[in-house]
Amino acid sequence: MSNLESVEGAILFEDIDSILQVKTDEKWVMQVNPNWQMLLVDHAHCERKAADFAINLIKSYTEYEVLQAPLSKLVREEMRHFELCLKYLKMYAIPFKPIQPCGYAKALHRIIRHERKQKLMDMLIVAAFIEARSCERFGLVARVLSQPQLIKFYQTLYQAELRHFQNYLALAFQIYSHSQVNKRIIDIGQAEAEFVQSSEAVFRFHSAIPI
């Protein structure tokens, strides 16, 4: 039983299809093999950013005891995934370097409200969507990638991202009323879907349809 299932009265989001409003376009999938090295670099950055995001929540909302231990555990797991990305980058002699991010995170953060308590709710739901989209794309990458060792890596991470998205939602449902959370899931989900269906010049793990 996931943490989310234990929250009485919450709408259950047991898999990514239950929360993501649109699937990734096949045009994105077609770019995986030609750009797999850049994708691995971007993946490393994403894992580090995910840890930073959780740390920021821990620091910014110390009064919410319910957040502290679960997010601390999540930070450790994200950093372990970061270390694994670095291991594979080294294995394939790919330099880890700064790269231009896609517009995904910026598009989602644009919808986050500014009032302190509303902001926390939105940040938890945004994090859930990022993890859910990561989960979907790990599955897509594992389906088409031509590097056997990386296929196994992404298959393993699929389950971790599924758990992360459920856990972020579980925290939101523990702090806020279920009607509030469910409404924001719909609103933020619409913004997420609009971005994923748009076009973008850069190709990254969370980028829109490649131009």
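Some notes on this structure:
- Spatially, segment 162-181 and segment 15-59 are offset by 20 Å when compared through their Cα centroids.
- Helix-only arithmetic for the chain: the sum of -39500 (n - 2.57) across DSSP H runs with n ≥ 4, divided by the residue total, places the mean residue ellipticity at 222 nm at -22500 deg cm²/dmol.
- Shape category assigned to segment 16-115 from the gyration tensor of Cα positions, a/c cut at 1.5: oblate
- Report note on the peptides 157-164, 142-149: ranked by the mean count of other C-beta atoms within 10 Å, highest first, their order is 157-164, 142-149.
- Euclidean distance of C-alpha centroids, segment 86-104 and segment 185-202, integer Å: 24 Å
- Calculated on C-alpha atoms, the gyration radius of the chain divided by its Kirkwood radius gives an Rg/Rh of 0.95.
Just so you know, all these numbers are worked out from the coordinates, no wet-lab data involved. Owing to the predicted nature of the structure, the values given are computational and were not obtained by experimental measurement. No Cβ is skipped: glycine too gets one built from the backbone with ideal geometry, and neighbour counts run over all protein chains shown.
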